[in-house]
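Novice: One structure follows; several queries about it will come next.
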Amino acid sequence: MSGEEEENAAELKIGDEFLKAKCLMNCEVALILEHKYEQLQQMSDDPMNQVSQVFEKSLQYVKRFSRYKNPDAVRQVREILSRYQLAEFELCVLGNLCPETVEEAIAMVPSIKSKGRAYDDEAIEKMLNDLSLIKKFE
Amino acid sequence: MFFHIILERNMQLHPRYFGRNLRENLAAKLMKDVEGTCSGRHGFVVAITGIENIGKGLIRDGTGFVTFPVKYQCVVFRPFKGEILEAVVTMVNKMGFFAEAGPVQIFVSNHLIPDDMEFQSGDMPNYTTSDGSVKIQKDCEVRLKIIGTRVDATEIFCIGTIKDDFLGVINDPATV
């Protein structure tokens, strides 16, 4: 239980299992769940009856909070962010919240400014710029 | 945060399902058993996306049921302490407000709402700043930080705050 106690996403302490796992941005989850929902739709007339409440709520949530709708944009976001040697978790927080300023980005993902990471404000600014460009051209 | 992870589960299958469709039956049963469940360690299992591998079955003594170790990929939602995420306000009262981020419920107590926001009762209870420029009510979207999680057998419940930089209302349904 002690491991549970120390968990803190701000310092990237999310447990080994999740640190190594693939994180998903809301927009990626939306693509996966919608695909699955379509498959169910083909198999039965009333797919909402087939899915769990957790599925339904998650689908509504990710649809509402997806920053990027088109699958190409989603892929680009991941590609651009992955150039910056971010942890999976950090990458997804940035992709989900789309901070606009360096200050905001650091407030959302404090771990990018922690010890031993070589991000100066300029690098973060460039990253945010790249992100907002995708949004603009989507 | 949503994750794509590989989990393992021992599935017990009744002998009447043995045959050509054994794998399909196992997969269907797995979906029925696992999707929508929640554990403290892995969070909510939202959807199974694929079966990684099905191990050798073992006949259980006395029953005839066979246990198969099944590895599967799934999408899970697991909230973390310190995580910042967006959520939809579902209920507002004088103690604070409740918000939902996917399957998880988050409570933000009035101590963790900025001091300049006051509770207003009425048929649409809300928290409003003194100048009325910011309002938190049902169906608002807020950005909040999770500061605590409570796990019980079938649910994860979170405590959040909006008393920090860059947190609070993102959009108000009344003004959009």
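The values are calculated or read from the model by the stated rules, or taken from the named source; none is laboratory data. Everything numeric here is computed off the predicted structure, so don't read it as measured data. Don't worry about glycine lacking a Cβ; one is built from the backbone with ideal geometry, like all the others, and counts go over all protein chains shown. Accessible surface areas use protein heavy atoms only, side chains included; no ligands, DNA or RNA. Shrake-Rupley method; radii C 1.70, N 1.55, O 1.52, S 1.80 Å.
Novice: For chain B, report the accessible area per residue in Å² (1.4 Å probe, heavy atoms, rounded to an integer). Walk me through the numbers before you get to the answer.
Specialist: On the way: 8860 Å² over 176 residues.
Per-residue accessible area for chain B comes out at 50 Å².
Novice: Oh, and also: Please compute the average number of Cβ atoms from other chains found within 10 Å of each residue's Cβ in peptide B:37-50. Before the final figure, lay out the partial values.
Specialist: Numbers: counts 2, 1, 0, 2, 4, 3, 2, 6, 3, 15, 12, 1, 4, 0.
Mean partner-chain Cβ count within 10 Å for B:37-50: 4.
Novice: Per residue of A:95-104, how many C-beta atoms from partner chains lie within 10 Å of its own C-beta, taken as a mean?
Specialist: On the way: counts 0, 6, 6, 0, 2, 1, 1, 0, 2, 2.
Mean partner-chain Cβ count within 10 Å for A:95-104: 2.
Novice: Could I ask something else about it? For B:ASN21 and A:ASP121, what is the calculated FRET efficiency with R₀ set at 45 Å and r taken between the beta-carbons, to the nearest 0.05? Intermediate results must be reported in sequence, preceding the final value.
Specialist: Values: r = 59 Å, r/R0 = 1.31.
Once the sixth-power term is evaluated, E becomes 0.15.
Novice: Of all the Cα-Cα pairs you can form in chain A, what percent are over 17 Å apart?
Specialist: Details: 6110 of 9453 pairs.
Everything past 17 Å amounts to 65 percent.
Novice: For A:ARG64, what accessible area in Å² do you get when you roll a 1.4 Å probe over the heavy atoms of the protein chains, rounding to the nearest 10?
Specialist: 100
Novice: Over 29 Å between Cα atoms: which of A:LYS20/A:LYS57; A:LYS113/B:LYS163; A:LYS63/B:LYS163; A:LYS113/B:LYS135; A:LYS22/B:LYS81 fall into that group? Display every interim value, and only then the final one.
Specialist: Values: A:LYS20/A:LYS57 26 Å; A:LYS113/B:LYS163 21 Å; A:LYS63/B:LYS163 26 Å; A:LYS113/B:LYS135 32 Å; A:LYS22/B:LYS81 19 Å.
A:LYS113/B:LYS135, as the Cα separations exceed 29 Å there.
Novice: Whenever you get a sec, compute what percent of the accessible area on chain A sits on carbon and sulfur atoms (1.4 Å probe).
Specialist: Numbers: 3770 of 7750 Å².
Roughly 49 percent of what the probe reaches on chain A is carbon or sulfur.
Novice: I'd like the residues of the stretch B:73-102 whose 1.4 Å-probe accessible area shrinks by no less than 30 Å² going from the isolated chain to the full set of protein chains.
Specialist: B:VAL75, B:ARG78, B:PHE80, B:LYS81, B:GLY82, B:ILE84, B:GLU86, B:VAL88, B:GLU100, B:GLY102
Novice: Another one. If you take the accessible area of A alone, add that of B alone, and subtract the area of the pair, what total do you get in Å², probe 1.4 Å, to the nearest 100? Display every interim value, and only then the final one.
Specialist: Numbers: alone 9510 and 10530 Å², together 16610 Å².
Roughly 3400 Å² of accessible surface disappears when A and B pair.
Novice: Who wins for biggest fluctuation among A:SER114, A:SER66, A:SER44 in a Gaussian network model of chain A, springs between alpha carbons below 10 Å?
Specialist: It is A:SER44.
Novice: Then there's this: Farthest toward the dipole's positive end in the protein assembly as shown, which of B:THR129, B:ALA87, B:LEU22, given Cβ charges of +1 (Lys, Arg) and -1 (Asp, Glu) about the Cα centre?
Specialist: With unit charges placed on the Cβ atoms, the residue in question is B:LEU22.
Novice: Using helices alone, I'd like the mean residue ellipticity at 222 nm for the protein assembly as shown: each DSSP H run of four-plus residues gives -39500 (n - 2.57), total over residue count, nearest 500.
Specialist: Numbers: 10 runs with 103 residues, N = 314.
Estimated from H runs of four or more residues: -9500 deg cm²/dmol.
Novice: Tell me the angle of helix A:121-137 to the major Cα principal axis of chain A, expressed in degrees between 0 and 90 and rounded to the nearest ten.
Specialist: For helix A:121-137, the angle is close to 30 degrees.
Novice: Next question, about the same structure. Could the peptides B:18-24, A:87-93, A:98-104, A:74-80 be put in order, highest first, of the mean number of other beta-carbon atoms found within 10 Å of their residues?
Specialist: Values: B:18-24: 10.9, A:87-93: 21.6, A:98-104: 15.7, A:74-80: 17.9.
Sorting B:18-24, A:87-93, A:98-104, A:74-80 by mean packing, highest first, produces A:87-93, A:74-80, A:98-104, B:18-24.
Novice: What chymotrypsin sites (Phe, Trp or Tyr not before Pro) does the stretch B:39-82 have in DSSP loop regions with at most 16 other beta carbons within 10 Å? Each step should come with its number before you reach the end.
Specialist: On the way: sites: B:PHE44, B:PHE65, B:TYR72, B:PHE77, B:PHE80; in loops: B:PHE65, B:PHE80.
Of the chymotrypsin sites (Phe, Trp or Tyr not before Pro), the ones in loops of the stretch B:39-82 whose Cβ has at most 16 other Cβ atoms within 10 Å are B:PHE65.
Novice: Which value, in debye to the nearest 20, describes the size of the charge dipole of the protein assembly as shown about its Cα centre when Lys and Arg Cβ atoms bear +1, Asp and Glu Cβ atoms bear -1, and nothing else is charged?
Specialist: Numbers: 37 positive and 47 negative charges, 276 e Å.
Result for the protein assembly as shown is approximately 1320 debye, rounded to the nearest 20.
Novice: What's the angle, to the nearest 10 degrees (0 to 90), between helix B:22-34's Cα axis and the longest principal axis of chain B?
Specialist: In chain B, helix B:22-34 runs at an angle near 30 degrees to the longest axis.
Novice: In the stretch A:16-31, which residues become less accessible by 50 Å² or more once every protein chain is in place, relative to the chain on its own, using a 1.4 Å probe?
Specialist: A:GLU17, A:PHE18, A:LEU24
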